[in-house]
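What follows is a short report on a single structure.
The values are calculated or read from the model by the stated rules, or taken from the named source; none is laboratory data. Note that the coordinates shown come from a computational prediction; the quantities given were computed from them, not determined experimentally. Heads up, the Cβs are rebuilt from the backbone with ideal geometry, glycines too, and the neighbour counts pull from every protein chain shown.
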Amino acid sequence: MVDKSKYKILFNVESPEDIRSFSTTELKLLSKEIREYMIDVVSQVGGHFGGGLGAVELTVALHKVFDTPVDKLVWDTGHQAYPHKIITGRRDKLPTIRKLNGISGFLKRTESEYDEFGAGHATTSISAALGIAAANELNGEENKKVIAIIGDGAMTGGMAYEAMNNAGFTKKNLIVVLNDNQMSIAPNVWQISNYFNEVIAHPEYNKFKGAIWDLTGKLDQFGDRVRKVASRLETGLKAIVTPGMLFEALGFRYFGPVNAHNVPKLVKLFEHVKQLKGPILVHVLSEKGKGYKPAEGHSAQYHGVTPFDKVTGKMLKKKNGLPSYTSIFGKALIEIMEKNNKVVGITAAMPDGTGMKLVQEKFPKKYFDVGIAEEHGVTFAAGLATQGIVPVVAIYSTFLQRAVDQIIHDVALQKLHVVFALDRAGLVGADGPTHHGTFDLSYLRFIPGMVIMAPKDEAELRNMLYTATEYKDGPIALRYPRGTALGVEIKEGFEKIEIGKAEKLVEGKDIAILAVGSMVNYAGKAADQLRKDNIQCELINMRFIKPIDKKMLDEIASKFDKIITIEESSIVGGFGSGVLEYFNEKNYKNDILRLGLPDKFIEHGTQAELHKILKIDTDGIIENVKAFLNNKTLTNKAVV
């Protein structure tokens, strides 16, 4: 897969220990070869790309200076950590990244001793690193260094500032590296800061500063007083012209900004701050996609990639011609907004991933990107709703988990009309357990007054979105999967769906299958094949997880002894649990089999691979139906 002969130094590095004796020239060559290796591999297998290219020299410098894994590196999210994986013994496994049974696309404690803290969601690193620093103190190991590496995008999340406020107060020994690629924080703000920092970093300024310090050091007590005055002047100047003002106000000593692609300078700076006590913030400026021309300046496109032509940068993945659920959602929302001027769109730093980019282009004044701050986004939507606005909050299922309290306290408790559009519901594939949308049915279903829908196809997605914006009685959510739609006919306009009303798709007499969302298609194919074996399944598209169609359940209970529920969600507290709860209330004695995702974290692999392993694809449903009718139970394997 990779021509090793062109690499002079990379394949001699098996651990960070191997680079600690490297000269500056060797560190530069290693950085060049890591970047080239990333391009070689990711162009063939896909994966997160731009962030890692921008963090190569930073990673090399950190492992050069700090005694990892004794000293702890805590990476935020993990998108930028491919170079870290390459240096820490996983170079040869990089071609397996994000593949079934391969290494994770994020940091993972069970994968390497160098992965001190795993995360796929942003803004966790400073809190975790502060906890590790506090533990070091409790364990009498204050000499161990703890370094959090966080991107500027993650610094839009409130948890980062909660952690920094606490770190500044407790004065624990902690180094935070802000890897600023100037993409998520407004460019004009950072460009102004960079301009003034060039003044402070100018050699003549530092030469003058050094001369003052040397002179005053010879003047005993008078010199000390002059130094204090000079320090206050410098602090005041920094407060005016550098972004360090905020961080120093939070109790951090601020260093930077520094060129993140200058290995010698990074090594020198880290050697210096390594000796210091208390909270330190090192601000480095990097370029996302650094070293690969097609990715430079196209950060969104090359953040995460499918296989691509290494020479041209052109993506190689061939699409089947069908649109994604995401794009269908975005286009439908625009149609609705054209007719209803009260509808607005909200996303949390994911305009492309949620389809909100289309809304941003069409209705810029009705589009709100709150940054990586899901909690704020939900309460912001609640505020809008109090004034008669209809906010559509489009957030990945896995990320909306972060705002459960806000959904309960700020939205549902006040019966506010907020529409939640949960993209990437169910298994998402290569990103694995941090990104699978497996818990939304469970964490939304217990909330009083919440309506939850799941469309069987793209046409129903459009109608559910329209229904949600027209609903007036409180919060309402719809969840839909990642990937391409089914290709069903989409009629012009929208049809309102009766809240809580299921849909019978196939009549049968042997067994009933109650399916929701993405599982309806699999179940329909299974029912067609089972009919050839003289097994007649009645298939119900339940559509609503809450309120559940009790009339339909009564009918099914009276007609069938055996009933299967199927959902692409955790079976703990999900749709199947809702059916069981109702049957228990009514004292029905039907035999019910729940199919769905087991009570385990599901690892990465393609969606098709995971569906097959978990027996929730067409073949798996057929197996389950036959076994259930024969009073047998299949093993629902978990990918763990």
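Tally time: how many residues in the stretch 94-108 are under 18 Å from Gln80 (Cβ atoms) and part of a loop (DSSP other than H, G, I, E, B)?
So the first thing to find is which residues in the stretch 94-108 are under 18 Å from Gln80 (Cβ atoms), and the list is 94, 97-98, 103-108.
Next, from what is left, pick out any that are part of a loop (DSSP other than H, G, I, E, B): 97-98, 103-106, 108.
Summing the residues that are under 18 Å from Gln80 (Cβ atoms) and part of a loop (DSSP other than H, G, I, E, B) in the stretch 94-108 gives 7.
Over 19 Å from the mean Cα position of the chain (by Cα) and modelled with pLDDT under 95: is that true of Arg109 in this structure?
Working: over 19 Å from the mean Cα position of the chain (by Cα): no; modelled with pLDDT under 95: yes.
So Arg109 does not fit the description; no.
Quick one: in the stretch 317-356, which of the residues that are out of contact with any strand residue (DSSP E or B) (no Cβ under 9 Å at 6 or more places or on another chain) and of a type in the set (Lys, Arg) is modelled with the lowest pLDDT?
Lys318
Just need a number here: residues in the stretch 27-43 that are touching a residue at least 40 places away in the same chain (Cβ under 8 Å) and surrounded by 24 or more Cβ atoms within 10 Å (Cβ to Cβ).
2
What residue, among those in the stretch 10-43 that are charged (D, E, K, R) and not in a helix (DSSP H, G or I), is nearest to Ser112 (Cα to Cα)? I'd like the intermediate steps shown before the answer.
From the stretch 10-43, those charged (D, E, K, R) are 14, 17-18, 20, 26, 28, 32-33, 35-36, 40; that's our starting set.
Pick out the ones that are also not in a helix (DSSP H, G or I) and you get 14, 20.
Values: Glu14: 13, Arg20: 19 Å.
Looking at the filtered set, the residue picked out is Glu14.
State yes or no: is Asp617 surrounded by fewer than 18 Cβ atoms within 10 Å (Cβ to Cβ) and acidic (Asp, Glu)?
On the way: surrounded by fewer than 18 Cβ atoms within 10 Å (Cβ to Cβ): no; acidic (Asp, Glu): yes.
Answer is no for this residue.
Among the residues of the stretch 128-141, are any polar (S, T, N, Q), closer than 28 Å to His261 by Cβ and in contact (Cβ under 8 Å) with a residue 24 or more places away in the chain? Before the answer, list the steps.
The initial filter retains those residues of the stretch 128-141 that are polar (S, T, N, Q), namely 136, 139.
Remaining after also requiring closer than 28 Å to His261 by Cβ: none.
Checked the stretch 128-141: no residue is polar (S, T, N, Q), closer than 28 Å to His261 by Cβ and in contact (Cβ under 8 Å) with a residue 24 or more places away in the chain.
When residues of the stretch 12-26 are filtered for being loosely packed, with under 13 Cβ neighbours inside 10 Å and free of Cβ contacts under 8 Å to residues at least 24 places away in the same chain, how many remain?
Of the residues in the stretch 12-26, 5 are loosely packed, with under 13 Cβ neighbours inside 10 Å and free of Cβ contacts under 8 Å to residues at least 24 places away in the same chain.
Would you please list the contacts, defined by Cβ atoms under 8 Å and residues six or more apart or on different chains, that run from a residue in the stretch 84-97 that is within 16 Å of Phe49 (Cβ to Cβ) to a residue that is among the hydroxyl-bearing types (Ser, Thr, Tyr)?
His84/Thr59; His84/Tyr114; Lys85/Ser112; Ile86/Tyr37; Leu94/Tyr37; Leu94/Tyr82; Ile97/Tyr82; Ile97/Ser104
Out of all the residues in the stretch 44-62, is one or more aromatic (Phe, Trp, Tyr), touching a residue at least 12 places away in the same chain (Cβ under 8 Å), assigned by TED's automatic domain parsing to the domain that holds Glu116 and not in a helix (DSSP H, G or I)?
Just the residues of the stretch 44-62 that are aromatic (Phe, Trp, Tyr), to begin with: 49.
This time we only want the ones that are touching a residue at least 12 places away in the same chain (Cβ under 8 Å), so: 49.
Next, from what is left, pick out any that are assigned by TED's automatic domain parsing to the domain that holds Glu116: 49.
From what is left, the residues that are not in a helix (DSSP H, G or I) are 49.
For the stretch 44-62, residues aromatic (Phe, Trp, Tyr), touching a residue at least 12 places away in the same chain (Cβ under 8 Å), assigned by TED's automatic domain parsing to the domain that holds Glu116 and not in a helix (DSSP H, G or I): present.
Can you find a residue in the stretch 574-588 that is in contact (Cβ under 8 Å) with a residue 60 or more places away in the chain, among the aromatic types (Phe, Trp, Tyr), touching an Asp or Glu at 6+ places or on another chain (Cβ under 7 Å) and under 24 Å from Glu507 (Cβ atoms)?
yes
Restricting to the stretch 104-121, count the residues that are among the aliphatic types (A, V, I, L, M) and in contact with a His (Cβ under 9 Å, 6 or more places away or on another chain). Please lay out each step first, then the result.
Going through the stretch 104-121, the residues among the aliphatic types (A, V, I, L, M) turn out to be 107, 119.
From what's left, in contact with a His (Cβ under 9 Å, 6 or more places away or on another chain): 107.
Count: 1.
Please work out which one of (1) touching a residue at least 12 places away in the same chain (Cβ under 8 Å); (2) under 14 Å from Gly78 (Cα atoms); (3) surrounded by fewer than 23 Cβ atoms within 10 Å (Cβ to Cβ) is the condition Arg109 fails and give its number.
Of everything listed in (1) touching a residue at least 12 places away in the same chain (Cβ under 8 Å); (2) under 14 Å from Gly78 (Cα atoms); (3) surrounded by fewer than 23 Cβ atoms within 10 Å (Cβ to Cβ), Arg109 misses just condition (1).
Within the stretch 235-292, track down each residue that is crowded, with 18+ Cβ neighbours inside 10 Å, modelled with pLDDT of 85 or more and of a type in the set (S, T, N, Q).
Across the stretch 235-292, the qualifying residue is only Ser286.
Scan the stretch 260-277 residue by residue and report those that are of a type in the set (D, E, K, R) and either touching a residue at least 12 places away in the same chain (Cβ under 8 Å) or under 17 Å from Asn143 (Cβ atoms) (or both). Break it down stepwise before answering.
Filtering the stretch 260-277 for residues of a type in the set (D, E, K, R) gives 265, 268, 271, 274, 277.
Matches in the stretch 260-277: Glu271, Lys274, Lys277.
Pull out all pairs, ordered by first then second residue, where Cβ-Cβ is under 6 Å, the residues are six or more apart or on different chains, the first lies in the stretch 597-613 and is within 22 Å of Glu111 (Cβ to Cβ), and the second is acidic (Asp, Glu) and outside any helix (DSSP H, G or I).
none
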